[in-house]
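I have placed the structure first, in the form of structure tokens, so that the comments after it can refer back to it.
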Amino acid sequence: MAKIVDRLLLFVYSITILILSIFAILLLSRAISIPVDFVMDVQTLSITIAVLAVLILISLRMLYISLRRSRGHLQSIDQRTDLGGIQISVETIESLCLKAASRVRGVKDPQTRIRMTEPGLDVQIRTIVDGEHSIPALTEEVQRGIKEFVQDITGIPVASVSVYVAGVAHHQAFKSRVE
């Protein structure tokens with residue numbers, strides 16, 4: 001909801017600045033006149049018109065951003081079968097990725113991001129490892145596990161699985177204190 005309000009405010013702001021900038025340029029270039037006598041030297045006039053032109057360009061860009069559809073975030077992935085259509089939410093696929101990553105011993109606190117590409121899903125996993133297992137072997141097992149699990153469950157091809165190891169979990173060893 002906040003995103004819609006932000007886009008609406010950006011749209012209104014852009015239109016307002018665009019109209020005011022065009023009006024100011026028309027006034028300064030004397031294309032339209034008002035009864036007030038306003039004198040400005042040529043250098044100040046050209047700088048003011050340049051600044052207003054930049055404001056117009058920025059307003060047009062912001063107007064474009066407020067009106068375009070957001071393509072960066074998928075809501076669902078659509079598939080067609082002989083029996084009809086299937087929609088699988090991105091959250092479902094993220095949950096499956098987390099489930100597959102959590103099955104690998106040594107992986108802690110996985111987080112995932114999904115993108116749809118032409119050859120299939122691009123899965124990005126950020127995780128912490130325990131430090132007791134080989135990181136290359138661990139990440140390869142995570143990649144293989146996620147790819148196979150997601151493809152088996154959803155039927156959607158997984159093009160790549162990227163693993164980012166953010167850190168090593170530190171186990172706190174509690175020593176008993178003898179007094």
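The values are calculated or read from the model by the stated rules, or taken from the named source; none is laboratory data. Predicted, not measured: the structure shown is a model, and the values here were computed from it. FYI the Cβ positions are ideal-geometry reconstructions off the backbone, even for glycines, and counts take in every protein chain you see.
Looking only at residues in the range 45-99 that are touching a strand residue (DSSP E or B) at 6+ places or on another chain (Cβ under 7 Å) and among the β-branched types (Val, Ile, Thr), which one is modelled with the highest pLDDT?
Ranking the candidates gives Ile93 first.
Residues of the range 71-90 being surrounded by fewer than 16 Cβ atoms within 10 Å (Cβ to Cβ) and under 14 Å from Ile153 (Cα atoms), which ones?
Our first condition is that a residue be surrounded by fewer than 16 Cβ atoms within 10 Å (Cβ to Cβ); within the range 71-90, this holds for 71-76, 78-87, 89.
Of everything in the range 71-90, those that are surrounded by fewer than 16 Cβ atoms within 10 Å (Cβ to Cβ) and under 14 Å from Ile153 (Cα atoms) turn out to be Gln79, Ile86, Gln87, Ser89.
Does any residue in the range 101-123 that is at positive phi come within less than 6 Å, Cβ to Cβ, of a residue that is part of a strand (DSSP E or B) and not small (Gly, Ala, Ser) six or more places away or on a different chain, and which pairs are these?
Sorted first by the residue in the range 101-123, then by its partner, the pairs are Gly106/Val129; Asp109/Ile128; Gly120/Val158.
Condition test on Ser33, is it among the polar types (S, T, N, Q) and either more than 30 Å from Ile114 (Cβ to Cβ) or at pLDDT below 75 (or both)?
Details: among the polar types (S, T, N, Q): yes; either more than 30 Å from Ile114 (Cβ to Cβ) or at pLDDT below 75 (or both): yes.
Taking the combined requirement at face value, the residue satisfies it.
Tally up the residues in the range 142-167 that are of a type in the set (D, E, K, R) and in contact with a strand residue (DSSP E or B) (Cβ under 6 Å, 6 or more places away or on another chain), please. It would help to see each step written out before you state the result.
Going residue by residue through the range 142-167, those that are of a type in the set (D, E, K, R) are 144, 147-148, 152.
In the following step, the residues that additionally are in contact with a strand residue (DSSP E or B) (Cβ under 6 Å, 6 or more places away or on another chain) were identified as 147.
The qualifying residues number 1.
Output yes when any residue across the range 131-144 is touching a residue at least 40 places away in the same chain (Cβ under 8 Å), in contact with a helix residue (DSSP H, G or I) (Cβ under 7 Å, 6 or more places away or on another chain) and not in a strand (DSSP E or B), and no when none is.
Restricting attention to the range 131-144, the residues satisfying the condition of being touching a residue at least 40 places away in the same chain (Cβ under 8 Å) are 142.
Adding the requirement that they be in contact with a helix residue (DSSP H, G or I) (Cβ under 7 Å, 6 or more places away or on another chain) leaves 142.
If we keep only those that are not in a strand (DSSP E or B) as well, we get 142.
Yes, because at least one residue in the range 131-144 is touching a residue at least 40 places away in the same chain (Cβ under 8 Å), in contact with a helix residue (DSSP H, G or I) (Cβ under 7 Å, 6 or more places away or on another chain) and not in a strand (DSSP E or B).
Filter the range 119-141 down to residues that are among the β-branched types (Val, Ile, Thr), surrounded by 14 or more Cβ atoms within 10 Å (Cβ to Cβ), out of contact with any Asp or Glu (no Cβ under 9 Å at 6 or more places or on another chain) and farther than 26 Å from Gln75 by Cβ, then give me how many there are.
The number of residues fulfilling the criteria is 2.
Quick check, is Ser95 surrounded by fewer than 14 Cβ atoms within 10 Å (Cβ to Cβ), part of a strand (DSSP E or B) and out of contact with any Gly (no Cβ under 6 Å at 6 or more places or on another chain)?
Working: surrounded by fewer than 14 Cβ atoms within 10 Å (Cβ to Cβ): yes; part of a strand (DSSP E or B): no; out of contact with any Gly (no Cβ under 6 Å at 6 or more places or on another chain): yes.
Here the answer is no, as Ser95 does not meet what is asked.
Just to be sure I understand, how many residues within the range 149-159 are farther than 16 Å from Thr92 by Cβ and without any contact (Cβ under 8 Å) to a residue 24 or more places away in the chain?
Adding up the residues that qualify gives 0.
If Met116 passes every condition in (1) surrounded by 20 or more Cβ atoms within 10 Å (Cβ to Cβ); (2) modelled with pLDDT under 90 but one, which one does it miss?
Of the numbered conditions (1) surrounded by 20 or more Cβ atoms within 10 Å (Cβ to Cβ); (2) modelled with pLDDT under 90, the odd one out for Met116 is (1).
Can you pull out the residues in the range 99-113 that are of a type outside the set (Gly, Ala, Ser), outside any strand (DSSP E or B) and crowded, with 16+ Cβ neighbours inside 10 Å? Outline the logic, then answer.
Applying the first criterion (of a type outside the set (Gly, Ala, Ser)) to the range 99-113 yields 99, 103-105, 107-113.
Retained after the next criterion (residues that are outside any strand (DSSP E or B)): 99, 103-105.
If the condition is that a residue be of a type outside the set (Gly, Ala, Ser), outside any strand (DSSP E or B) and crowded, with 16+ Cβ neighbours inside 10 Å, then Val104 is the only one that fits.
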